[in-house]
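The values are calculated or read from the model by the stated rules, or taken from the named source; none is laboratory data. Bear in mind the structure is a predicted one, so any value in this text is a computation, not a measurement. Neighbour counts run over all protein chains shown; Cβ positions are idealised from the backbone, glycine included.
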Amino acid sequence: MSPPLGVGFLGAGPVTQAIHLPTLATMADRFRVTHVMDVDAGLAATVAGRAGARASTDVEVLLNDPGVDVVAVCSPHQFHAEQVELATKAGKRAILCEKPLATTVDEARRIAEVSAVTGVPVVVGAMHVHDPACAEASRAWEELPGETTLVRVAVYLPHNDEFIALATDLVAASAPPPPQPASQRWDRHHRAAATTPE
């Protein structure tokens, strides 16, 4: 039997912690978490420590890690396309990207092209496609008479801290420093400008 594939995570937030890590723990014969990257060093280290993995704050460090066979892109949406493209070009065996895969049509086309050229499969984390209830509903819909119309609805719910707290023991990201009042920022800028030689 082949050794488990090493999985590297780009992003250590709630989806990584509450969904992916517990799921991978049930498939230890096939996958093991080897690297967790997050821009918050403390969060990356804590989440990686739970999985016995390495931690970093740099995408390139994770992509150059020979222990990472599969990359899971769980970063904020605006980074998905670039990170998927970089991971694909890094020669990883597969990429899982949380939805959305891209935020523009051009990004999606670029991902499709690089995946086709490299042969590296890119999978979007649309988990409900594989949910047993959804699979059964899809099978039943195919048997419905021709005059029936299937309507798909997308519902966006706000972040629910209470539900997430019940589902898992999440590690929170470090709080950003409090913003300075505009007057302090202006004063500091002008004092520095006044003391800087022309």
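Kindly indicate the residue of segment 1-32 that is aliphatic (A, V, I, L, M) and touching a Ser or Thr at 6+ places or on another chain (Cβ under 6 Å) and also modelled with the lowest pLDDT among those meeting that condition. Steps first, answer last, please.
So the first thing to find is which residues in segment 1-32 are aliphatic (A, V, I, L, M), and the list is 1, 5, 7, 10, 12, 15, 18-19, 21, 24-25, 27-28.
With touching a Ser or Thr at 6+ places or on another chain (Cβ under 6 Å) added as a condition, the list becomes 10, 18.
Numbers: 10: 98, 18: 87.
Among residues in segment 1-32 that are aliphatic (A, V, I, L, M) and touching a Ser or Thr at 6+ places or on another chain (Cβ under 6 Å), the one modelled with the lowest pLDDT is 18.
Would you mind stating whether residue 21 is under 15 Å from residue 95 (Cβ atoms) and part of a helix (DSSP H, G or I)?
Details: under 15 Å from residue 95 (Cβ atoms): no; part of a helix (DSSP H, G or I): yes.
No.
Considering only segment 1-38, how many residues are surrounded by fewer than 16 Cβ atoms within 10 Å (Cβ to Cβ) and of a type in the set (A, V, I, L, M)? Explain how you work it out, then say what you get.
Step one: list which residues in segment 1-38 are surrounded by fewer than 16 Cβ atoms within 10 Å (Cβ to Cβ), which gives 1-3, 22-23, 25-30.
Adding the requirement that they be of a type in the set (A, V, I, L, M) leaves 1, 25, 27-28.
Number satisfying all stated conditions: 4.
Which ones in segment 37-62 are of a type in the set (S, T, N, Q) and either touching a Phe, Trp or Tyr at 6+ places or on another chain (Cβ under 6 Å) or closer than 19 Å to residue 90 by Cβ (or both)?
Initial filter on segment 37-62 (of a type in the set (S, T, N, Q)): 46, 56-57.
Matches in segment 37-62: 56, 57.
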